[in-house]
Amino acid sequence: PSWNDFVEHCSCPEAAEQVTIITARGQSPDAIHQGMIYMQEQGLIKFVPKKENIFPVSFKGLPKEFVGQADNPSDQKKNVLASILDRVEKSSQECSRFHTVGFSDDDKKTFDVMASFLQEQVDKGRWKGFEPNLYFTGKGKKERHILLKNQKVA
């Protein structure tokens, strides 16, 4: 359900550079990056996201705080996303632009963990320079959840 968003963000070099993949898969970032190069060669995407922005949390070669098990990736995905959002917050302060950030997951447990964690952080005032959007994409549907200060996740 998030394929069209992925394609859209890979349609210009600046946006593709910001695309980040956080997955429970165990393949290396290089293998996933090579797969995206293949998608580009097939005309499915125009620009390829940076290899540094690929975080397969079951791959043992990532930093320790980002590595977990494929059957329970929630905490590691949370750690990766928090690190990325801290970086986005810093860059949004430096360039005084408002950003939106999207995260999608098709696993309800992981989605709920992420939504709860992010809502808690937003309510505490973390990440003021952008609007986090979460998308539950399980069961072939796409539900949007926008996190705003002092609001509960839908």
Quick one: if the Förster radius is 25 Å, what FRET efficiency do residue 75 and residue 2 give, using the C-beta to C-beta distance and rounding to 0.05?
-> 0.70
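Please list 39-49, 101-111 highest first by mean number of surrounding beta-carbon atoms within 10 Å per residue. Please list the in-between numbers first.
Numbers: 39-49: 14.8, 101-111: 18.3.
So the peptides 39-49, 101-111, ranked by packing, come out 101-111, 39-49.
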Assuming R0 = 22 Å, what is the FRET efficiency of residue 37 and residue 65, from their Cβ-Cβ distance, to the nearest 0.05?
-> 0.20
Order by protection proxy (mean Cβ within 10 Å, highest first), peptides 28-38, 3-13 = 28-38, 3-13
Accessible surface of the chain [probe 1.4 Å, protein heavy atoms]: carbon and sulfur percent = 49 percent
Computed [θ] at 222 nm, deg cm²/dmol, the chain (DSSP H ≥ 4; -39,500 (n - 2.57); rounded to nearest 500) = -13000 deg cm²/dmol
Say each of residue 109 and residue 139 gets a label point 7 Å from the Cα, pointing the same way as Cα to Cβ; how far apart are those two points in nm?
-> 1.7 nm
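Holding the Cα-Cα limit at 22 Å, pick out from 60/108; 77/139; 77/108 the pairs that are longer than that.
Values: 60/108 24 Å; 77/139 20 Å; 77/108 13 Å.
From the list (60/108; 77/139; 77/108), the Cα-Cα distance tops 22 Å for 60/108.
For segment 1-83, what ratio Rg/Rh do Cα atoms give with a Kirkwood hydrodynamic radius?
On the way: Rg = 12.9 Å, Rh = 13.1 Å.
Here Rg/Rh amounts to 0.98.
Show me the ranking of peptides 135-142, 78-85 by mean Cβ neighbours inside 10 Å, starting with the highest.
On the way: 135-142: 14.1, 78-85: 19.0.
In decreasing order of mean packing, 135-142, 78-85 become 78-85, 135-142.
So, R0 is 41 Å and r is the distance between the beta-carbons of residue 128 and residue 46; what FRET efficiency does that work out to, to 0.05?
Working: r = 32 Å, r/R0 = 0.78.
E(calc), rounded to 0.05, equals 0.80.
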Kirkwood Rh, Cα Rg: Rg to Rh for the chain?
-> 0.95
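Can you give the local net charge around residue 104? Use residues other than it whose beta-carbon is closer than 14 angstrom to its beta-carbon, Lys and Arg +1, Asp and Glu -1.
Summing Lys and Arg as +1 and Asp and Glu as -1 gives -1.
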Taking every alpha carbon pair in segment 105-144 and sorting the distances into 5 angstrom bins from 0 up to the bin holding the longest one, the percent per bin comes out as 6, 24, 28, 20, 14, 7, 2
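For every other residue with a beta carbon closer than 13 angstrom to the beta carbon of residue 133, add +1 if it is Lys or Arg and -1 if Asp or Glu, then tell me the sum.
Values: positive: 142, 144; negative: 5, 105, 131, 143.
Surrounding charge for residue 133 is -2.
The values are calculated or read from the model by the stated rules, or taken from the named source; none is laboratory data. Nothing here was measured: the structure is a model prediction, and the numbers come from that model. Ideal geometry is used to build each Cβ from the backbone, glycine not excepted, and the neighbour counts take in all protein chains shown. Only protein heavy atoms, including side chains, enter the accessible area calculation; ligands, DNA and RNA are left aside. Shrake-Rupley method; radii C 1.70, N 1.55, O 1.52, S 1.80 Å.
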